[in-house]
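The values are calculated or read from the model by the stated rules, or taken from the named source; none is laboratory data. All of these numbers come straight from a predicted model, not from anything done at the bench. Every residue, glycine among them, receives a Cβ derived from its backbone with ideal geometry; neighbour counts consider all protein chains shown.
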Amino acid sequence: MALSLIVNAGLAAIPIGGCLGTLFGIDAHRAANGQRPLFAPDPNENKGTDAGGGGQDSTGGGSGGNGSTTNNGITNTQYCQHSYGISPPRKGDGETFTLNPNQWGLTDGTTGGLCMNVTTYNNMTYPTEYTAPDFSVTWKFNRGPDTQPVRAFPNIMVEEVLPVELDKIQELFLNLHWSYGLGNEIAESTSESDMTSNEVRTNVAIDMFFDSDKETAQNSTAAQFEVMVWFATFGVGTDPYGTKTSTTRTLNGTEFNLYSGTRDSQTILTWAAADITEEFRGDIYPLITDLYKLDGGLYPASSDYLGYFGFGTEAFSSDKEITFGVTDLEVNIKT
């Protein structure tokens with residue numbers, strides 16, 4: 001039997017480590033992704049942001065967004081609400097997914113804001129039964145306190161396929177293309193010098209949670225393991241949590257270094273790309289199997305469950321308006 005999931009848009013969750021606010025960043029990440037109700041409407045919809053708002057029903061292919069434009073059967077809808085799931089409808093048997101602006105870290109002193117743009121086909125039919133809408137996120141925030149440096153985690157989450165036992169997975173195919181650029185348009189490629197000169201603090205990553213219990217594996221705060229794949233990090237205080245180990249793995253020309261750390265009862269394992277990786281195509285399942293082949297009790301077992309899979313960008317702060325765009329994301333989980 002085969003289960004396949006392909007998502008073509010943008011996805012998940014990222015904790016923050018490093019020299020600035022390391023522990024607070026981890027707490028922030030968990031709040032952004034696992035605490036329920038994650039996708040419930042925010043009762044304080046307009047608190048602490050210039051761009052917030054749009055607290056209408058945003059579920060269902062663009063209804064309830066802050067504004068929509070349609071051209072040749074394609075609709076782009078902007079969502080600026082703080083936290084609310086967006087699940088565009090589709091025809092056929094394709095897998096479902098949920099996007100979320102997820103502005104969970106706003107405080108009374110926050111200035112700036114964030115809006116997510118989601119592109120959908122009006123006939124709800126996509127190139128393949130697994131293709132999902134593209135999306136982009138435009139944001140600008142002032143720097144937050146060390147106790148809460150993360151302002152938002154806009155992301156897209158895989159649904160229905162999970163949980164699944166790790167040793168039942170045959171392949172976890174990823175086809176990814178993202179970019180960051182100044183302004184409100186999707187950039188062709190990311191300029192690291194622009195990110196540095198404008199003091200952009202953010203990261204881009206896949207986030208997963210594992211546990212021996214399939215229900216617990218779906219709970220980001222209770223799962224025994226959090227496993228991430230980082231494709232980029234920018235700015236001070238956004239390094240992977242924990243200590244860099246000697247374990248490396250090169251997949252399709254990208255070298256990943258493993259970081260390991262423990263907070264409370266959860267082990268945090270991060271595969272961080274040695275260089276900014278905007279495009280990746282290949283099977284990332286070896287990054288999972290490598291973990292349960294390592295010695296020691298701080299690594300997942302092959303009998304553990306993968307309960308959550310997501311992709312996104314964590315917005316700390318930026319001196320200027322900046323746009324994160326995902327023009328290709330396919331995730332094919334085969335069992």
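As a summary of the residue check, residue 173 satisfies the conditions (1) surrounded by 24 or more Cβ atoms within 10 Å (Cβ to Cβ); (2) in contact with a Gly (Cβ under 8 Å, 6 or more places away or on another chain) except for the one numbered (1). If I filter segment 296-316 down to residues being in contact (Cβ under 8 Å) with a residue 60 or more places away in the chain, of a type outside the set (Phe, Trp, Tyr) and farther than 21 Å from residue 272 by Cβ, which single residue comes out as surrounded by the most Cβ atoms within 10 Å (Cβ to Cβ)? Checking each candidate, the answer is 304.
This table checks each residue for (1) assigned to a strand (DSSP E or B); (2) more than 18 Å from residue 172 (Cα to Cα).
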| site | (1), (2) |
| --- | --- |
| 220 | no, yes |
| 245 | yes, yes |
| 249 | yes, no |
| 280 | yes, no |
| 288 | no, no |
| 309 | yes, no |
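The requirement of being part of a strand (DSSP E or B) and either touching a residue at least 40 places away in the same chain (Cβ under 8 Å) or within 15 Å of the chain's Cα centre (by Cα) (or both) is satisfied by residue 116. Every condition in (1) surrounded by fewer than 17 Cβ atoms within 10 Å (Cβ to Cβ); (2) over 29 Å from residue 307 (Cβ atoms); (3) modelled with pLDDT of 85 or more holds for residue 110 except the one numbered (1).
So, residue 293, is that one closer than 28 Å to residue 154 by Cα and either of a type in the set (Asp, Glu) or surrounded by fewer than 16 Cβ atoms within 10 Å (Cβ to Cβ) (or both) or not? Against the criterion (closer than 28 Å to residue 154 by Cα and either of a type in the set (Asp, Glu) or surrounded by fewer than 16 Cβ atoms within 10 Å (Cβ to Cβ) (or both)), residue 293 does not qualify.
Against the criterion of being on the phi < 0 side of the Ramachandran plot and surrounded by fewer than 24 Cβ atoms within 10 Å (Cβ to Cβ), residue 213 qualifies. If you go through segment 228-252 and keep only what is in contact with a Phe, Trp or Tyr (Cβ under 6 Å, 6 or more places away or on another chain) and surrounded by fewer than 22 Cβ atoms within 10 Å (Cβ to Cβ), you end up with 242, 244, 249. Scoring residue 193 on the criteria (1) out of contact with any Asp or Glu (no Cβ under 7 Å at 6 or more places or on another chain); (2) touching a residue at least 60 places away in the same chain (Cβ under 8 Å); (3) closer than 24 Å to residue 274 by Cα; (4) surrounded by fewer than 21 Cβ atoms within 10 Å (Cβ to Cβ) leaves a single failure, condition (2). Of all residues in segment 317-332, those that are buried (at least 24 other Cβ atoms within 10 Å of the Cβ) and under 20 Å from residue 218 (Cα atoms) total 1. So is residue 282 at positive phi and touching a Phe, Trp or Tyr at 6+ places or on another chain (Cβ under 8 Å) or not? Answer is yes for this residue.
Among the numbered conditions (1) in contact with a Leu (Cβ under 8 Å, 6 or more places away or on another chain); (2) more than 18 Å from residue 204 (Cβ to Cβ); (3) surrounded by fewer than 19 Cβ atoms within 10 Å (Cβ to Cβ), the only one that residue 288 does not meet is (3).
Condition first: surrounded by fewer than 16 Cβ atoms within 10 Å (Cβ to Cβ), in contact with a strand residue (DSSP E or B) (Cβ under 8 Å, 6 or more places away or on another chain) and not in a loop (DSSP other than H, G, I, E, B). Can you find one or more residues in segment 253-275 that meet it? Looking for residues that are surrounded by fewer than 16 Cβ atoms within 10 Å (Cβ to Cβ), in contact with a strand residue (DSSP E or B) (Cβ under 8 Å, 6 or more places away or on another chain) and not in a loop (DSSP other than H, G, I, E, B), one finds at least one in segment 253-275, hence yes.
When 78, 103 are checked against the criterion of being out of contact with any Phe, Trp or Tyr (no Cβ under 9 Å at 6 or more places or on another chain) and within 23 Å of residue 186 (Cα to Cα), 78 stands alone in meeting it. Condition check for residue 314 on (1) in a strand (DSSP E or B); (2) at pLDDT 95 or above; (3) closer than 30 Å to residue 236 by Cα: one failure, at (2).
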